[in-house]
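Accompanying notes for the structure given below.
The values are calculated or read from the model by the stated rules, or taken from the named source; none is laboratory data. These figures come from a predicted structure and were not determined experimentally. Note that each Cβ is placed from the backbone with ideal geometry, even for glycine, and that neighbours are counted across all protein chains shown. Just so you know, the surface numbers come from the protein's heavy atoms only, side chains and all, with ligands and any DNA or RNA stripped out. Shrake-Rupley method; radii C 1.70, N 1.55, O 1.52, S 1.80 Å.
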Amino acid sequence: MDYVDGSMSLVTLWPDTFFGTETSRSSSSSSNSGGLLFEASIIVAVVSTLVSFITVVGNIFVFYIIYTDKRLLTYTNYYILALSASDIVAGGFTMPLYSVYWILGYWPFSDMLCDVYLYANQAFMHISIIMIVTIAYDRWDALEHPLQHLKRRTLSHAIKLISISYIIPLLIWLFASFLWPYLKGSRNILAGRCYPQYVADSFIFLLFAPIIFFWAPFVIICVLYARIYQIIRRTRILQKPYRLPAAEHVGTTGKSTSMAVVVTKKASEYKNVNDNPAFSKDEEHDASDGSGSDQPGANSVHNDKLHKENRRANRTLTLILIAMVISSLPWSALAPVYGSCSSCIPLALYQVG
């Protein structure tokens, strides 16, 4: 359906049959021209506002908590802060714009804002996914190479990984989303619509975009997550005491003796944490729990704190991975189908995904 505003014909997002027929739209006073019916608009507006509000406020709260409690400013939480920053941009900028687009059924803003919106939406959503890959890699490295990882637990190392996680998506989508129309020399996006031009220009890139955006990172995360699970499971098995069968003692007494052998993991790699200059002051204070590093049992306290931090980080990674799949899987699954057969699925379903 075309919505005519002055002399420009706008192609609307929603078909007439999705939330109402042309007759019901024209005869009802509670409908938007070219957009959702009034009742559906209210629902979408309320839900999108709540999601945006929770996303922004929740991630700002993460910054506030870590800022006010310096004990939480640890190596692992640097990655959580970087992930929260990208989510704030997505929740505070791109989600409200798309909600307006969704409700009205057409893009009411300028072409430049459309390009900025598309770039920010794809880049910062991709940054969130790459940050999850980085967190998964760091968790695997901490369990697979504990001593080497301990030496790298510095702010500079975290900043390096975070910078890579930001720069790669920003560069990919700068060319694929923002600069594509200008590099092509013409803008072929339909009036009243806001979508990446590569959707219409390049079927190959449309197929590869979900792979770059979601499927490749998802496979990497699953592999790392499987390795993390294997290491944790192996560690639990090795930490269990194992008693060898009783062996007959050859001697004059005729008594039998038994040998008990306790097998543990490579816990020695976690020793002498206090001698490691890469262990940050905040983490050292947190791990020592106020006791001096030269006191008996200090290393054991450090090791216990590191194990607890690893467990917390692994639980956090699990929750983040679940959220990533819920938020990114629909579009990543629908985009190749819609690109190869646009009539196979409704446009509205694709946009919702």
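Okay, here's what the table says:
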read-out: Out of LEU190, LEU155, sole residue that is modelled with pLDDT of 90 or more, hydrophobic (A, V, I, L, M, F, W, C), open to solvent by 50 Å² or more (accessible area, probe 1.4 Å) and farther than 18 Å from VAL116 by Cβ; value: LEU155
read-out: Residue that is most open to solvent (accessible area, probe 1.4 Å) [pool: residues in the stretch 174-187 that are among the aliphatic types (A, V, I, L, M) and in contact (Cβ under 8 Å) with a residue 12 or more places away in the chain]; value: LEU174
read-out: Selection count where residues are more than 17 Å from the chain's Cα centre (by Cα), farther than 25 Å from ARG139 by Cα and not aromatic (Phe, Trp, Tyr), scope the stretch 58-93; value: 1
read-out: Unmet criterion (only one of (1) surrounded by fewer than 21 Cβ atoms within 10 Å (Cβ to Cβ); (2) without any contact (Cβ under 8 Å) to a residue 60 or more places away in the chain) for MET131; value: (1)
read-out: Unique match (being closer than 19 Å to ILE135 by Cβ and in contact (Cβ under 8 Å) with a residue 40 or more places away in the chain) among LEU73, LEU104, LEU81, LEU118; value: LEU73
read-out: Residue in the stretch 107-122 that is on the phi < 0 side of the Ramachandran plot, in contact with a strand residue (DSSP E or B) (Cβ under 9 Å, 6 or more places away or on another chain) and open to solvent by less than 50 Å² (accessible area, probe 1.4 Å) present; value: yes
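Listed here are the residues, each with its yes/no results for (1) within 26 Å of ASN77 (Cα to Cα); (2) in a loop (DSSP other than H, G, I, E, B); (3) within 18 Å of the chain's Cα centre (by Cα); (4) of a type outside the set (Phe, Trp, Tyr).
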position	(1), (2), (3), (4)
LEU161	yes, no, yes, yes
LEU170	yes, no, yes, yes
PHE175	no, no, no, no
TYR182	no, no, no, no
PHE205	no, no, no, no
ILE211	no, no, yes, yes
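Residues are listed down the side, and each one gets a yes or a no for (1) modelled with pLDDT under 95; (2) open to solvent by less than 50 Å² (accessible area, probe 1.4 Å); (3) within 22 Å of LEU334 (Cβ to Cβ); (4) charged (D, E, K, R):
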{"position": "ILE162", "(1), (2), (3), (4)": "no, yes, no, no"}
{"position": "ILE167", "(1), (2), (3), (4)": "no, no, no, no"}
{"position": "ILE172", "(1), (2), (3), (4)": "yes, no, yes, no"}
{"position": "ALA209", "(1), (2), (3), (4)": "yes, yes, yes, no"}
